[in-house]
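Just so it is clear, none of the values below were taken in a lab; they were calculated from the coordinates. Model, not experiment: these values are computed from the prediction. Don't worry about glycine lacking a Cβ; one is built from the backbone with ideal geometry, like all the others, and counts go over all protein chains shown.
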Amino acid sequence: MGRGWRRKALLIALTGAMILPGCGGGDATTDDSAAAAKVRYHWVKGAAREFLVPGADNVTQAYGREASVGEREQASKLIHAWMSARAVTDWKRDCEYFSHSYARRLTADAHSVTGGRVKTCAQALAHFGPIAAASGNCKNTLDGPIDSLRIESGLGFAQYHGSDHKDYVISMQKEDGKWAVSNARPFGRFE
C-alpha cells in the first residue's frame, strides 16, 4: 500500500475516534516560523494556508484539496444551521445535520453506557450533555462563512476563525451528494 492510503486510513481512524489531526508538535528539525510552515506546505493553496501551524504536523490543513466556492457555501449554510441548533440545545434538530454513520455511532455509544436507555441521537446528546466532550459548550463561534474546506474521498475538514479569536475545525462527510457534520462539536485548533 502506498503512503497516501496510510494517510487516509490514519485520518479516518482519527475522525472516528472524535480526535482531529493538526494539533501535534513538530520534530526537532522543524523551523517554527509561519513563513517556514508556508514554504514546507507550498502545495496548500487558498484560505487553508491561514491555518498552517508552525512546528505542527498540519495534516488537516494539507488534507486533500480545497473545496470549490459552491461546496464551501453549502458547508457554511449547513454549519450555520447546525450551530444554531446546538446553541439552543435543540438536540433533535442538532442530530439532523449529522452524517448517518456518525449519528448511529453516537447513539450506539450512549446506548452502551446507559444500559440501553438511550435509543436516539437526540437522547445521546442530551445524555452526554452540553459540557461533555460529545457536545462541547454549545456556543456558536461561527459569525460568517467557513474559511476553508479541505476535502478528499467524501471526507472533509471545515476550518474557520471563530468569533472568540480561536481557530476551529469541523469534520464532515459527504452523503447523498451533500455535506453532513461528522462530529458533535467543533474542535479548537490546539485541542
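Annotation: extensible slack from K178 through S112 equals 20.8 nm (criterion: 0.36 nm per residue apart, minus Cα-Cα distance).
Taking 0.36 nm per residue of separation and subtracting the Cα-Cα distance, full extension of the segment from E50 to S163 would add 39.1 nm.
Taking a ≥ b ≥ c as the square roots of the eigenvalues of the Cα gyration tensor of region 91-191, is the shape rounded (a/c under 1.5), prolate (a/b larger than b/c) or oblate? Because a/c hits 1.5 or more and a/b fails to exceed b/c, region 91-191 counts as oblate. Of M83, M172, the sequence from fewest to most neighbouring Cβ atoms within 10 angstrom is M83, M172.
What is the gain in length, in nm to one decimal, between S153 and T120 on full extension, counting 0.36 nm per residue of separation less the C-alpha to C-alpha distance? Working shown, then result.
Working: separation 33, 0.36 × 33 = 11.88 nm, distance 2.82 nm.
Length gained between S153 and T120: 9.1 nm.
For each of F98, F128, F157, count neighbouring Cβ atoms within 10 Å of the residue's Cβ, then give the residues from fewest to most.
F128, F98, F157
For T89 and D57, the FRET efficiency from 1/(1 + (r/R0)^6), where r spans their Cβ atoms and R0 equals 45 Å, is about 0.85. In plain terms, the residue of D143, D109, D176 with the fewest other Cβ atoms within 10 Å comes first and the most crowded comes last, giving D176, D143, D109.
Specify whether the C-alpha gyration tensor of region 41-101 places it in the rounded, prolate or oblate class, a ≥ b ≥ c being the square roots of the eigenvalues: rounded for a/c under 1.5, otherwise prolate if a/b is larger than b/c and oblate if not. Because a/c hits 1.5 or more and a/b exceeds b/c, region 41-101 counts as prolate.
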